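Trainee: One structure, as structure tokens, below. Some questions next.
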Amino acid sequence: MGYKTLLTKRVEFSASHRYWNPKWNEEANKAIFGKCISPYGHGHNYVLEVTVDGTVDPDTGMIINIYDLKPIISEVLKDFDHKFLNEDNPYFKDLIPTTENIARVLWDLIEKKLRETTGCKLYRIRLYESPDLYVDYRRE
Ligand code: NI
């Protein structure tokens, strides 16, 4: 019988961003976001962990073939890797690209592709902005 388990794939990507809320003036933005308001942005080496929930297929011993999972992640990351997220990524035109928001957008994109092309469910998106700061995003 197949049993349930979780599998996590870790990938890295580099992106730059700027924190700016257009509803506030410069002073208010600076008070909240500090140096992160620079119009030139600044970069991070993000680490993304995609955790998938599934049942182990007794024939393969796997819940998902990594050759199916990797292209889903790399396809989604095309809009993120080496991009200035505020300008180059369609999802952050009206959304501040904080680690929280990036994790949620990645959930939406990866969850959809996973659901459409595999039998697995997305369990969690973990996104590290730096080695000591990360966000976990989950949705039932
Ligand atoms: Ni930053």
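Throughout, read-outs are computed from the coordinates displayed, never taken from laboratory work. A quick note: this is a predicted structure, and the numbers were derived from the prediction, not measured. For neighbour counting, all protein chains shown are included, and Cβ atoms are generated from backbone atoms with ideal geometry for every residue, glycine included.
Trainee: So K78 passes all but one of these: (1) within 20 Å of L127 (Cβ to Cβ); (2) surrounded by 12 or more Cβ atoms within 10 Å (Cβ to Cβ); (3) more than 16 Å from the ligand (Cβ to nearest atom); (4) free of Cβ contacts under 8 Å to residues at least 12 places away in the same chain. Which condition number does it fail?
Mentor: (2)
Trainee: Take segment 1-36 and flag every residue that is surrounded by 17 or more Cβ atoms within 10 Å (Cβ to Cβ) and either over 26 Å from S130 (Cα atoms) or free of Cβ contacts under 8 Å to residues at least 24 places away in the same chain (or both).
Mentor: Step one: list which residues in segment 1-36 are surrounded by 17 or more Cβ atoms within 10 Å (Cβ to Cβ), which gives 7, 13, 15-20, 29, 33.
The answer is N29, F33.
Trainee: I'm told D53 meets every condition in (1) within 15 Å of the ligand (Cβ to nearest atom); (2) surrounded by 12 or more Cβ atoms within 10 Å (Cβ to Cβ) except one. Can you identify the failing condition by its number?
Mentor: (1)
Trainee: Where the second residue is small (G, A, S) and the first is within 18 Å of L77 (Cβ to Cβ) and lies in segment 113-140, which pairs have Cβ atoms under 7 Å and are six or more apart or on separate chains?
Mentor: I125/A103; L127/A103; V135/A103; Y137/A103
Trainee: Go through (1) at negative phi; (2) crowded, with 17+ Cβ neighbours inside 10 Å; (3) not hydroxyl-bearing (S, T, Y) and name the single condition G41 misses.
Mentor: Failing condition for G41: (1).
Trainee: Could you check segment 36-92 and list, in sequence order, the residues that are aliphatic (A, V, I, L, M) and in a loop (DSSP other than H, G, I, E, B)?
Mentor: V56, I63, I64
Trainee: Among (1) away from the ligand (no atom under 16 Å from the Cβ); (2) among the charged types (D, E, K, R); (3) free of Cβ contacts under 8 Å to residues at least 40 places away in the same chain; (4) under 23 Å from R138 (Cα atoms), which single condition is E100 missing?
Mentor: Against the list (1) away from the ligand (no atom under 16 Å from the Cβ); (2) among the charged types (D, E, K, R); (3) free of Cβ contacts under 8 Å to residues at least 40 places away in the same chain; (4) under 23 Å from R138 (Cα atoms), E100 comes up short only on (1).
Trainee: Which one of the conditions (1) more than 16 Å from the ligand (Cβ to nearest atom); (2) part of a strand (DSSP E or B); (3) small (G, A, S) does A31 fail to meet, given that it meets all the rest?
Mentor: (2)
Trainee: Follow-up question, since we're still on this one. What is the one condition in (1) within 21 Å of Y137 (Cα to Cα); (2) of a type outside the set (K, R); (3) away from the ligand (no atom under 16 Å from the Cβ); (4) not in a helix (DSSP H, G or I) that Y19 does not satisfy?
Mentor: Of everything listed in (1) within 21 Å of Y137 (Cα to Cα); (2) of a type outside the set (K, R); (3) away from the ligand (no atom under 16 Å from the Cβ); (4) not in a helix (DSSP H, G or I), Y19 misses just condition (3).
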